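Rule-based calculations on the coordinates, nothing more; no lab input. Keep in mind the model is a prediction, meaning the values are calculated, not measured. Note: ideal-geometry Cβ built from the backbone for every residue, glycine included; neighbour counts use all protein chains shown.
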Amino acid sequence: MLEEQYPEHTLYLAVPLSTYDSFFQLPFVQSTIQLHQLKLAIYLPEDEVIIQWKS
């Protein structure tokens with residue numbers, strides 16, 4: 001498990017912007033993100049660049 005092997009690192013879920021703007025805006029997804037305190041790295045796949053970090 002990454003969390004056990006590298007406790008000093010913070011794990012982020014990488015999400016394409018189009019997915020974040022659609023699926024990740026659904027209420028049940030937002031609730032799940034908050035419940036599990038997920039951290040997101042939102043990126044543009046075509047440019048291969050992270051545009052937003054959400055903690």
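Short version: ³J(HN,Hα) in whole Hz for each residue of the stretch 47-55, in order, from phi by Karplus 6.51 cos²θ - 1.76 cosθ + 1.60 (θ = phi - 60°), x for Gly and Pro, what are they?
Working through the residues one at a time gives 9, 6, 9, 7, 9, 7, 9, 10, 10 Hz.
Could you go through the stretch 13-24 in sequence order and give the Karplus-derived ³J(HN,Hα) for each residue, using 6.51 cos²θ - 1.76 cosθ + 1.60 with θ = phi - 60°, rounded to whole Hz, and x for Gly and Pro?
8, 7, 10, x, 4, 4, 5, 4, 5, 10, 4, 6
What number do you get for the chain when its Cα radius of gyration is normalised by 2.2 N^0.38 Å, N = residues?
1.23
Would you please give the FRET efficiency between Ser31 and Ile51, computed as 1/(1 + (r/R0)^6) with r the Cβ-Cβ distance and R0 = 30 Å, to the nearest 0.05?
Efficiency for this residue pair is about 0.80.
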